[in-house]
1. Where Lys and Arg each count +1 and Asp and Glu each count -1, what net charge lies around Thr288 among other residues with Cβ under 10 Å from its Cβ?
2. Send over the semi-axes of segment 111-196's equivalent ellipsoid, whole angstrom and largest first, taken as the square roots of 5 times the C-alpha gyration tensor eigenvalues.
3. Give me Rg/Rg_expected for segment 66-151, where Rg uses Cα atoms only and Rg_expected = 2.2 N^0.38 Å with N residues.
4. Summing Lys, Arg as +1 and Asp, Glu as -1, what charge do residues with Cβ under 11 Å from the Cβ of Ala171 carry, Ala171 excluded?
5. Could you pull the Cα extents of segment 2-94 along its three principal axes, largest to smallest, in whole Å?
6. Give the order of Leu169, Leu205, Leu19, Leu68 when sorted by the count of other beta carbons within 10 angstrom, beginning with the fewest.
7. What is the spin-label model distance, in nm, from Ala3 to Gln195 if the labels are put 7 Å beyond Cα along the C-beta direction?
8. Just to confirm a number: summing +1 for Lys and Arg and -1 for Asp and Glu over residues other than Ser126 whose beta-carbon lies under 9 angstrom from that of Ser126, what do you get?
Amino acid sequence: MRALAERTRPRDLYDVINLYRNTDARPSPSVLLDVLRQKCEFKGIPLPKPADLDPHRGDLEAAWETMLRHQLPALPPVESFWSALSEFFDWLESGRAAEIPASYTAAPGETILRERTLRLPVPPASQSHIEVIRFAAANRMCVDLEYQNRTRRIEPYSLRRTMDGNIILHAWNIDSNGHRSYRVDRIQGARSTNQVFTPRYAIELTPSGPVAIPPTERSSSSGSQGSGTGLRRSTRRRTSRTLGSSLSTGPTYTYQCGMCGKKFRRRKPSGRLNKHKDPGGWQCAGRTGFLVDTKY
């Protein structure tokens, strides 16, 4: 949020709204506002307001594709993120969250699956399809789903294990205008589209659990801010040792395997992964990584 106020770049807008939409993981608005206020005071800038960002909208929209296309598996429409700012600011300033749709009613014995690194009993290709669907759901984008030799445009909502052990994707079929469920092991392909949707049900395809933010103390001295600076310096030292001198200049891209969660640092923006072992030492079938961080 502070970065959005200072420079208003596409990545800042994307990060703020993407994190805000993960309702199970975001902190309380009062805690977030308190931390934001301290960070702005330390930089000597006012708290950001919607009106402060409006003059930069044209430049941000013009740079949206150039700055984000190479960082994301698919590019969401900029309008869907800009229009969400008013909802975000209202939540931050008043504490009033927008109404969250109810979850689709679970069938007897169904279990919701949310963690990205679950070892699901489905083929590796199906694992890749799931990650495409997760990304689209997090960004409120419809998916073209290839299933039983037909393409269906869907709104993805929930991944669940049935009583008999099948992994099911619950979705809204736009063509037939109704709820449908699809066995994940029978999905033949999945592709994000640029068509956005307003959720009819709770989206349960993002990792759950609140983000723990430790208490902070207000202080105008630079010493109280030093602990945060020290942490960043420590992180940079560890990164430097890991990457070696050859990565000391220019941006460093961090990609995370969509199947095992292992992270890879790259000098170039490419999500293609070589053969590798998961954190447990087993051979991982994942060959596609998703950008999770960029350091300059």
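Bear in mind these aren't lab numbers, they're just calculated from the coordinates by the rules spelled out. Remember, predicted model here, so these are calculated numbers, not experimental data. Virtual Cβ from ideal backbone geometry, glycine too; neighbours counted across all protein chains shown.
1. Numbers: positive: Arg272, Arg287; negative: Glu131.
Net of charged neighbours comes to +1.
2. Values: eigenvalues 70, 38, 32 Å².
Semi-axes from the Cα gyration tensor: 19, 14, 13 Å.
3. Rounded to two decimals, the normalised Rg is 1.41.
4. Residues near Ala171 contribute +3 overall.
5. For segment 2-94, the Cα spread along each principal axis is 33, 31, 20 Å.
6. In increasing order of surrounding Cβ atoms, one gets Leu19, Leu68, Leu205, Leu169.
7. Going by the 7 Å Cα→Cβ label model, 3.3 nm.
8. Working: positive: Arg186; negative: Asp185.
Every neighbour counted, the sum reads 0.
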